[in-house]
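S.K.: Questions regarding the structure given below will be posed in turn.
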Amino acid sequence: MKSNRFDWTYLSNGFFLPGVSLLIAGIVFGASAWYHGTQARTYELFSANREAISEDYDELVYRRRLLDRYHRRYRELQDLGFVGRERRLDWVETIRAAAKSLDLPNVAYSLEPQLEVIRPVESASPNAEIQIYLSRLELELGLVHEVDLLRFFIRLEQEAPGLMKVDKCSLTRQPGAAQKRAADTNISANCSMIMYSVITSDISFAAVEPGL
């Protein structure tokens, strides 16, 4: 009887190319999987960096807009005369011009020396270099009508530099006002005003005008 035997030479010739192809396919698949994993990790790293850069950029844009806004406000306060050297001469000229335009019978004033404001709570920032100063202005005005005083203060608020505050004011009707002429003093006003100014670190206080 004949024994059943495999022809290994025939089988090897038939499976050689498929085996090689399968081996190559496995190698390619493994290399592809490794490359895909590497690229995926690289993509995740780039995505995280991109999100961090995007957040930093948004924060930078926000800070820039905030800086521009406060810089514009700072310039506006400088133009108003609140930030910067105290402009005492301008106050005097404004008082004279306002009294003249309103035809006030008489005006007298005295401007006290400038004083530093003692803040109740110091700034939490150790680098904050902001000094607040005030000057008190005493006014004696001769008025024809009570409304002249309001008009006078409105003119000062619109034209005088700096931040102005009316501290107190008293009115006294002059005796015999009913017999006086329309342009004479009927009411005497004694007022005390405070002028505020701010000196920042970029302004030399030594350049502030001396008291008048």
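The values are calculated or read from the model by the stated rules, or taken from the named source; none is laboratory data. The structure presented is a predicted model; accordingly, all values stated were derived computationally and were not measured. We place every Cβ from the backbone using ideal geometry, glycine too, and count neighbours over all the protein chains shown.
S.K.: Which one of these is outside the structural domain of Glu76 (by TED's automatic domain parsing), at pLDDT 85 or above, loosely packed, with under 13 Cβ neighbours inside 10 Å and not β-branched (Val, Ile, Thr): Asp148, Asp167, Asp202? Full working, then the answer.
M.R.: On the way: Asp148 fails: loosely packed, with under 13 Cβ neighbours inside 10 Å; Asp202 fails: at pLDDT 85 or above.
Criteria check complete, one pass: Asp167.
S.K.: Here's another thing I want to ask about it. Does Leu134 qualify as being within 23 Å of Thr200 (Cβ to Cβ), surrounded by 15 or more Cβ atoms within 10 Å (Cβ to Cβ), in the same structural domain as Asn190 (by TED's automatic domain parsing) and at pLDDT below 85?
M.R.: Taking the combined requirement at face value, the residue does not satisfy it.
S.K.: Suppose the filter is in a helix (DSSP H, G or I), farther than 22 Å from Arg75 by Cα, at pLDDT below 80 and of a type outside the set (Val, Ile, Thr); does Ala178 pass it?
M.R.: Answer is yes for this residue.
S.K.: Let me ask you something else. Among the residues of the stretch 51-96, count how many are surrounded by fewer than 13 Cβ atoms within 10 Å (Cβ to Cβ) and of a type in the set (Val, Ile, Thr).
M.R.: Counting residues in the stretch 51-96 that are surrounded by fewer than 13 Cβ atoms within 10 Å (Cβ to Cβ) and of a type in the set (Val, Ile, Thr) gives 2.
S.K.: Could you check how many residues of the stretch 80-111 are of a type in the set (Asp, Glu), at pLDDT 85 or above and under 14 Å from Pro161 (Cα atoms)?
M.R.: Keep residues of the stretch 80-111 that are of a type in the set (Asp, Glu), which gives 86, 90, 93, 103.
Next, only the ones that are at pLDDT 85 or above stay: 90, 93, 103.
Right, trim to under 14 Å from Pro161 (Cα atoms) and you get 90, 93.
So the count comes out to 2.
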